[in-house]
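Participant: One structure is given below, represented as structure tokens, and several questions about it will come after.
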Amino acid sequence: MPKSPSIPPLPLNGLFPIAKPSGPSSMKVIDSITSLLLDSKLFDDPEKRKHARYQKNKKKNTTHLGLKIGQGGTLDPLADGVLVIGVNRGTKHLNRFLECTKEYESIGLLGCITTSMDSDDPVLSTSSWEHVTREDIEKVLDRFRGEIDQVPPIFSALKMDGKPLYEYARESKPLPRPIPTRKCQVSIELVDFKPASVTPGDGGHEYKWPTKRLSEDEKKVFRKLTDIVSQAGTESSSKAKKEVSEEDAFNGAGDVPVAQVQTTKEKVDKESFVPDLEKPDYPEISPINGLRPPTFTVRMTVSSGTYVRSIVHDIGVALGCGAHVVKLTRTRQGEFSLYGDEKALSAKPTSVEVKGESEVASQLEEDVPGPTNSSIPWPVWERAIAEREQTIQSEKQEKEEAIMSGMSAEEIHTNYSPEAIRQRRYDSGLREWEIEMLRRFVNVPVPTNGGHGPEHGKKVY
């Protein structure tokens, strides 16, 4: 029988991974689960919560109840996968996830270059793609294996002299110095090459090119940006990490990236990465075979600061037709992985009934599966959020009914004050998401009297 997870000293200080869905931003995902953490006994610190009420100048990532929460590397809205969450003292350990290697799976759609290198933004140019085969992609991937020099996009949140590059670009101002290249280590393999679906259920993909196109004015701006990049040039710099914020690299903001990749095996012409905006659009449905373009799926392990979208984009350019990302999944970050616990996706909500604090550990040993380093599936959080909303409505209705029944003000306060409601929720036992989190939780050391009150370090179960 696998060993059950134990509860570290409360309130919890540490790290755990969640599986971010595609669509919302990383911050929106964090905001949506923060209310659950605030309601949980596992994170409650009465002393810190009491102190927080009187704080006027609160830290950026500290809620009004004193809970500190952050993430170890932002995923763009389009991307899904592993998102490492740090709570309380765990936020001080998030930097190592910015510096560690990461694994991704990405699907690229051939024939179309977009402003952001993904499907969320307008098309820059389209080209014929019918000549591309699986073997062609296999050959091209050799250019992107090993150590490569990658130039960050001009339209990005990377900073130079404290100012994001995209601000220089939008103001059409020259850069203070060349954009520093960064050395990146890349291991990449082709996982799939799939034709577009012709009839429902035929196994083909359903991805399509974006419908939005750049206006003439936007094209003029893009031309100016290419001139800025050309005039600035590029240089390899060991100071890149000082000049460019690693955290910003994951913010992925950008409308019109211009990227280049050079390898020691083969140099790629810089000018080839600037699409011809004057040529007519090539139709998505091929005039040659009547089909839509295929997709290719690559799996890669990359070093810190690597632009995965740029690699997919540059693969398309090297193939002579262009490509953009339609799906991007972070499958591993540090010791945390995305896969490994798919049963939690469809599991029914569960809870561990707790009659008293001293019984928490024994209940966990009987009812909780063994530890895992896989990410908490998003459906677990969706169920928890829905359950919380239902609980709040039930509590509100119960209080209204008590008032209508003639219950005294003193009894109302005793039974329905914030403290009473909080204690009632604590007494209801550990919820499904709390159990799943404990299976993955990595506790971090906390100094004696580390800001959590005199009783910190004393187990309360």
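The values are calculated or read from the model by the stated rules, or taken from the named source; none is laboratory data. Owing to the predicted nature of the structure, the values given are computational and were not obtained by experimental measurement. Note that each Cβ is placed from the backbone with ideal geometry, even for glycine, and that neighbours are counted across all protein chains shown. For accessibility, only protein heavy atoms count, side chains too; no ligands or nucleic acids. Shrake-Rupley method; radii C 1.70, N 1.55, O 1.52, S 1.80 Å.
Participant: Take the residues of segment 20-31 that are touching an Asp or Glu at 6+ places or on another chain (Cβ under 7 Å) and open to solvent by 10 Å² or more (accessible area, probe 1.4 Å): which is nearest to Arg89 (Cα to Cα)?
Facilitator: The extreme case among them is Pro21.
Participant: So Pro283 ticks every box in (1) closer than 17 Å to Ser119 by Cα; (2) surrounded by fewer than 20 Cβ atoms within 10 Å (Cβ to Cβ); (3) touching a helix residue (DSSP H, G or I) at 6+ places or on another chain (Cβ under 9 Å) but one. Which box is left unticked?
Facilitator: (3)
Participant: Any idea which of Leu98, Leu141, Leu109, Leu94 is among the aliphatic types (A, V, I, L, M) and touching a Ser or Thr at 6+ places or on another chain (Cβ under 6 Å)?
Facilitator: Leu109
Participant: Would you point out which residue out of Gly90, Gly86, Gly73 is in a strand (DSSP E or B), at pLDDT 85 or above and not assigned by the TED database to the domain that holds Val221?
Facilitator: Selected residue: Gly86, the only one of Gly90, Gly86, Gly73 that is in a strand (DSSP E or B), at pLDDT 85 or above and not assigned by the TED database to the domain that holds Val221.
Participant: Same structure, new question: Output the number of residues of segment 97-125 satisfying the condition of being within 17 Å of Leu319 (Cβ to Cβ), at pLDDT 95 or above and touching a Gly at 6+ places or on another chain (Cβ under 8 Å).
Facilitator: Qualifying residue count for the region: 4.
Participant: Next up: Starting from residues that are free of Cβ contacts under 8 Å to residues at least 12 places away in the same chain and within 20 Å of Thr391 (Cβ to Cβ), keep the ones in segment 401-412 and report whichever is surrounded by the most Cβ atoms within 10 Å (Cβ to Cβ).
Facilitator: Per the criteria, the residue is Ile403.
Participant: May I ask you to verify whether Glu335 is open to solvent by 40 Å² or more (accessible area, probe 1.4 Å), at pLDDT below 95, among the acidic types (Asp, Glu) and farther than 30 Å from Glu99 by Cα?
Facilitator: Here the answer is no, as Glu335 does not meet what is asked.
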